[in-house]
Amino acid sequence: MQVIPAIDLERGRSRVVFWPGVASGIGAPTDRPERIAEHFVSLGAPLIHLVDFDGARAGAPVNLEAVGTIAARVATPLQLAGGVDSADGIRLAFAAGATRVLVGVAVADDPTTLRGCLAVAGDWLAVGLDARAERLAAFPWHRPRVPSLRELADELVGAGVARLVLSHGGGDPEVEALAELARAVDIELLVAGGVRDLDTVRRLRDAGVRGIILGEALLSGAIDYAAAREAAA
């Protein structure tokens, strides 16, 4: 299972200040995303997940210069979320240096937009869903009834989506649901959020999850990256 560092971008900087040597008191803190990315790539990160907070608010990518700076510094794939819920947004992301994109649940509920996004991104498109039933129920669906997670996954696979990113997957009910989904649906499952310790990393690995996206837990030092990779192996 892959362990994927995440960096939240706001006004060209990381929203969380990272100090890689905080435990030993060496080095210096930084909010420069390219330096944070370089650090984790040096430790073997297979992918860097970027969240464009400004882009999510604007409805189009905003932190493209930061994405480009990171792409120029690391030869590792970059996955961008935030402001890329359209074919044009994806084109801008790819032009800046992103190689994968994560779109939101609204795209999953709009077949026309989904087809347009897939036409641009193909296998490099991921769809983000909240695995909790109550959160799915709260979304204003444009369909007669609220779909289940399994129904959504089957629908997205049928449309050509190869990857799902599920949030809040660390609790017992979520892990069980993910394990069942991994067995039933031929799609790459990643989890972002809800992972707070190495035991949860191991449980998600055993459930068949293909990757976990860790942001503040890594940047704050709550989870050590090398230890997380070992637990995920």
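Scan region 130-144 residue by residue and report those that are modelled with pLDDT under 90, surrounded by fewer than 16 Cβ atoms within 10 Å (Cβ to Cβ) and of a type in the set (Lys, Arg).
Passing the criteria: only 135.
Which members of region 207-224 meet the condition of being surrounded by fewer than 20 Cβ atoms within 10 Å (Cβ to Cβ), at pLDDT 95 or above and either aromatic (Phe, Trp, Tyr) or not in a loop (DSSP other than H, G, I, E, B) (or both)?
none
In the set 108, 37, 81, 96, which member is within 20 Å of residue 161 (Cβ to Cβ) and touching a helix residue (DSSP H, G or I) at 6+ places or on another chain (Cβ under 7 Å)?
It is 108.
Consider only pairs whose beta carbons are under 7 Å apart and that are at least six residues apart or on different chains; among these, list those whose first residue lies in region 106-120 and is without any contact (Cβ under 8 Å) to a residue 24 or more places away in the chain and whose second residue is of a type outside the set (D, E, K, R) and in a helix (DSSP H, G or I).
Qualifying pairs under 7 Å: 107/113; 107/114; 107/117.
How do the pairs read when you match residues in region 132-147 that are without any contact (Cβ under 8 Å) to a residue 12 or more places away in the chain and on the phi < 0 side of the Ramachandran plot with residues anywhere that are assigned to a loop (DSSP other than H, G, I, E, B) and β-branched (Val, Ile, Thr), using Cβ under 8 Å and keeping only pairs 6 or more apart or on different chains?
137/146
Can you find a residue that is modelled with pLDDT under 95 and surrounded by 18 or more Cβ atoms within 10 Å (Cβ to Cβ) anywhere in region 122-129?
Yes, because at least one residue in region 122-129 is modelled with pLDDT under 95 and surrounded by 18 or more Cβ atoms within 10 Å (Cβ to Cβ).
The values are calculated or read from the model by the stated rules, or taken from the named source; none is laboratory data. Small disclaimer: the values here were computed from a predicted structure and weren't measured. In this analysis, Cβ positions are derived from the backbone assuming ideal geometry, glycine residues included, and neighbour counts consider all displayed protein chains.
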